[in-house]
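Computed from the coordinates by the stated procedures, all read-outs in this text should not be read as laboratory data. Because the structure is predicted, anything quoted here is derived from the model rather than measured. Every residue, glycine as well, gets a Cβ built from its backbone with ideal geometry; the counts of neighbours run over all protein chains shown.
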Amino acid sequence: MRVTTADLIRNFGKYSDCALRDPIVITRKGRDRLVLMSVDEFNFLHDAQSHEEPPTEQVPALAPERPKAAGSHVAAGKKARRRGG
């Protein structure tokens with residue numbers, strides 16, 4: 001089942017009950033955006049995924065942050081002192 005965000009907001013009780021049986025795709029501006037599903041279904045999918053081998057690539061958003069360039073905090077501190085006094 002697919003519903004628009006606006007329709008979901010207007011009829012949240014109805015769709016939350018439906019999502020207990022089958023996942024619902026929520027669209028915005030005609031594009032699939034989110035999925036509303038029961039916590040049991042989510043846990044089942046999450047557990048199934050955690051038993052698979054991890055992906056070989058890291059998702060960029062989850063990749064560790066790069067360390068700042070050496071000395072960048074020193075330069076920032078000097079600028080702050082100049083402005084303050």
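Structure data summary
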| read-out | value |
| --- | --- |
| Distance between modelled label sites at residue 7 and residue 48, nm, 7 Å Cα→Cβ extension | 2.5 nm |
| Computed lengthening from residue 17 to residue 31, 0.36 nm per intervening residue step minus Cα-Cα distance | 2.8 nm |
| Cβ-defined net charge surrounding residue 7, 12 Å radius [Lys, Arg +1; Asp, Glu -1] | +4 |
| Point-charge dipole on Cβ atoms (K/R +1, D/E -1) for the range 1-55, about Cα centre, debye to 20 | 600 debye |
| Ranking of 41, 52 by count of other Cβ atoms within 10 Å, fewest first | 52, 41 |
